[in-house]
Amino acid sequence: AALKIAEELTDLRGQGVDQGRLGALALTEGKLEDALTRGQAALRMFQQHHEPEMEAAAWHQLGRVYHALRQPDQAERHYLEAARISEQRGHLAAAASTWNQLAVVAEGAGKLEAAEEWCRKALSVAQHLDPASQEIWQPYAILATIIDKKARAAADDEQRTALDMQARDYRELQQRAPRV
């Protein structure tokens with residue numbers, strides 16, 4: 001109903017918001033093609049209306065859809081654009097969240113070096129956020145997973161042990177730091 005009203009009023013921003021919400025709902029319900037169509041519509045409307053913050057949110061949402069569709073290259077492309085806009089506009093929390101998602105996509109695609117790079121970028125950006133926020137410590141969990149994979153692949157016992165300890169430290173930091 002809200003979308004119909006926004007269309008009748010030729011309210012591009014309202015239409016974009018409603019398309020984005022319907023796309024998020026479709027994603028939650030597993031209706032990925034509908035989520036993709038609505039996300040793309042929202043992105044176009046925010047671009048036409050020159051709404052960079054909302055455009056970044058639409059790029060991020062499309063990254064989530066492509067990740068769910070198991071299209072990591074498309075997910076990465078959309079997340080990168082979301083992060084670029086968010087960082088450019090000074091929205092560090094949004095940028096850090098997107099860098100985290102990039103790390104998850106890269107790690108899932110077996111690109112451990114890239115995943116580690118995205119985690120470190122998220123950590124650099126997150127340093128400027130509220131240290132009590134649970135979200136800023138999330139990259140450490142991703143780093144622990146990456147380091148675990150490197151440890152399993154290590155041929156040298158000494159290197160494997162060092163990597164296992166590093167992964168354990170990252171997990172502990174992620175879990176305990178927000179409470180401290």
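The values are calculated or read from the model by the stated rules, or taken from the named source; none is laboratory data. None of these values were measured; they are calculated from a predicted model. All Cβ positions, glycine included, derive from the backbone under ideal geometry; neighbour counts span all protein chains shown. Areas reflect the complete protein model, heavy atoms only, side chains present, ligands, DNA and RNA absent. Shrake-Rupley method; radii C 1.70, N 1.55, O 1.52, S 1.80 Å.
One table, with the values for the structure above:
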read-out: Candidates Arg70, Arg77, Arg64, filtered to the one that is touching a residue at least 24 places away in the same chain (Cβ under 8 Å) and among the basic types (Lys, Arg); value: Arg64
read-out: Residue selected from the range 140-180 under the condition outside any helix (DSSP H, G or I) and either charged (D, E, K, R) or closer than 26 Å to Ala109 by Cβ (or both), by the criterion most open to solvent (accessible area, probe 1.4 Å); value: Arg179
read-out: Any helices (runs of 4 or more DSSP H) falling wholly within the range 1-118 and containing at least 3 residues that are open to solvent by less than 70 Å² (accessible area, probe 1.4 Å) and either under 22 Å from Tyr140 (Cα atoms) or among the acidic types (Asp, Glu) (or both); value: 52-68, 72-88, 92-108
read-out: Those residues of the range 101-129 which are at pLDDT below 90 and within 13 Å of the chain's Cα centre (by Cα), in sequence order; value: Cys119, Lys121, Ala122
read-out: Selection count, the range 119-130, where residues are assigned to a helix (DSSP H, G or I) and either surrounded by 15 or more Cβ atoms within 10 Å (Cβ to Cβ) or of a type in the set (A, V, I, L, M, F, W, C) (or both); value: 6
